[in-house]
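Trainee: Below is one structure. I have some questions about it.
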Amino acid sequence: MIDLKGRSYLTLLDFTSEEIEYLIELSEELKRLKYKGISHNSLKGKNIALLFEKPSTRTRSAFVVAARDEGAYIEYLRKDEIQLGKKESVKDTARVLGRMFDGIQFRGYDHNTVEILSKYSNVPVWNGLTDKFHPTQVLADLLTIKEKKGYLKGIKLAYVGDGRNNMANSLLIGAAKMGMDIRIVGPRQLFPEDDIVQKSKNITEETEGIITITDSIDEGVEGVDVIYTDVWVSMGEEDQMEKRIKLLMPYQVNMDMLEKADKDVLFMHCLPAFHDIETDVGKGVFEKYGLDAMEVTDEVFESEHSVVFDEAENRMHTIKAIMVATLGDPISLYGDNILKMHATNR
Ligand code: CP
Ligand code: NVA
């Protein structure tokens, strides 16, 4: 029987393949109930802190709506409005927040911060993105692929672009855990660290997943079911813009690339995306480098292949599942239906 009560979620390595499947199934159930307008209160009376060092639209909104749907109270704590780091260490902050809150979400720079929060707060801590990992995003991505394709094991996914960022790292581990065939496609200078690749390869020994790291677009995207990309410059790396444009321009996701994939290929992106010049950054890049898009063309982003807004919506359903599973009481809420459902699907 799967019981995730009290557990933190810092990277996908924290959960077994079976536990991830369970979280996806719980997300499906919670989504179905939300669509039917069935309300419930599995987090009633819980207090949740949302601690942010970096900006966010989706992650913050997903935690807020999911927590409210389940009856919890939420407090948004911006790093520059609290003592964190300036007058108080992360370790002391963790011990204070843990005395008041029942769960903590952290988004920030150093992955070590989220580990310290988890170690010293004594409450579940959820990683809403660090420089190294973005595990709540990948749970939403897995749910989206399952909804669109019907299954995960054996799905061929090419992640194209900055192969050493938080999304590439988390997708590698998530895909390995689900027995998928993942290809990281990008320039050698931006290949993932050996340690992450090795950990993912070790996982595939049990799950029969396949890991390929390549700089060849032909090898990487041929016949794939999903093409995934992310920004070329992640939060905190803004000074790398010129270098990244040079390195990654050949890897822009465009219609020519999609034609190498399966005809029903899905286009995915965690968002936000630079697919036009409707943003301040997009305009600046257009003026300086003459590019009207970066990692993905507007044509692909707006095409029938694109499932990016389903993916964004699924952030909320999956984050709800993580909070309900680690802090709430899914069994008293749904009887043991959710567990039976999981057992039947296996
Ligand atoms: N995908 C994602 O994490 O979006 P936000 O930065 O808006 O939270
Ligand atoms: N790699 C991106 C993901 C944003 C959701 C970043 O860290 O900025």
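Trainee: Tell me the GluC sites (Glu not before Pro) within segment 34-123 that lie in a loop according to DSSP and have at most 14 other beta-carbon atoms within 10 Å.
Mentor: Qualifying residues, ordered by number: none.
Trainee: Return one quarter of the surface area of the convex hull spanned by the alpha-carbon atoms of segment 271-333, equal to its mean projected area, in nm².
Mentor: 6.2
Trainee: If you wrap segment 162-223's Cα atoms in a convex hull and average its projection over all directions, what's the area in nm²?
Mentor: Convex hull of Cα atoms, orientation-averaged projection: 3.8 nm².
Trainee: Could you list, bin by bin from short to long, the percent of Cα-Cα pairs of segment 167-321 in 5 Å steps?
Mentor: Calculated P(r), rounded to whole percents: 2, 9, 16, 20, 21, 17, 10, 4, 1, 0.
Trainee: Do the alpha carbons of any pairs in 54/79; 31/148; 132/153; 177/199; 31/156 sit beyond 20 Å of each other, and which pairs?
Mentor: 132/153; 31/156
Trainee: Is it possible to state the helix-based mean residue ellipticity at 222 nm for the chain, with each DSSP H run of 4+ residues giving -39500 (n - 2.57), the sum divided by total residues, to the nearest 500 deg cm²/dmol? What is it?
Mentor: Only helices count here, giving -14000 deg cm²/dmol.
Trainee: Then there's this: Using +1 at the Cβ of each Lys and Arg and -1 at the Cβ of each Asp and Glu in the chain, identify which of 122, 312, 50 lies farthest towards the dipole's positive end.
Mentor: The listed residue farthest towards the positive side: 122.
Trainee: For segment 1-89, what size does the Cα cloud have along each of its three principal axes, sorted from largest down, in whole Å?
Mentor: Sorted largest first, the three principal extents are 43, 31, 24 Å.
Trainee: Report the extension gain between residue 303 and residue 262 in nm, rounded to one decimal, defined as 0.36 nm multiplied by the number of residues separating them, less their alpha carbon distance.
Mentor: Length difference between fully extended and current span is 13.3 nm.
Trainee: Would you kindly state how much longer the chain becomes between residue 5 and residue 222 on full extension, computed as 0.36 nm times their sequence separation minus their alpha carbon distance, in nm to one decimal?
Mentor: Extending this stretch completely gives an extra 74.0 nm.
Trainee: Right, something else. Over the chain, with every protein chain in place, what whole percent of the accessible area is carbon and sulfur at 1.4 Å, could you tell me?
Mentor: 47
Trainee: Something else now. State, to one decimal in nm, how far the label point of residue 289 lies from the label point of residue 246, with both points 7 Å from Cα in the Cβ direction.
Mentor: Result: 1.1 nm between the two label points.
Trainee: Related question: Suppose every K and R has +1 on its Cβ and every D and E has -1 on its Cβ; what is the size of the dipole of segment 15-172 about the Cα centre, in Debye to the nearest 20?
Mentor: 260
Trainee: Report the dimensions of segment 231-310 along its three principal axes from the alpha-carbon atoms, largest first, rounded to Å.
Mentor: Extents along the principal axes: 37, 24, 21 Å.
Trainee: Leaving out ligands and nucleic acids, note down the accessible area per residue over the chain with a 1.4 angstrom probe, in whole Å².
Mentor: I get 44 Å² per residue for the chain.
Trainee: Could you quote the convex hull projected area for segment 123-259, Cα atoms only and averaged over all directions, in nm²?
Mentor: 9.0
Trainee: For the chain, max minus min Cα coordinate along each principal axis, in Å, sorted largest first?
Mentor: 52, 51, 39
The values are calculated or read from the model by the stated rules, or taken from the named source; none is laboratory data. This is a predicted model, so every value here is computed, not measured. A quick note on method: Cβ atoms are made from the backbone with ideal geometry, for glycine too, and the neighbour counts reach across all protein chains shown. Please note that ligands, DNA and RNA were not included when accessible areas were found on the heavy atoms of the full protein model with its side chains. Shrake-Rupley method; radii C 1.70, N 1.55, O 1.52, S 1.80 Å.
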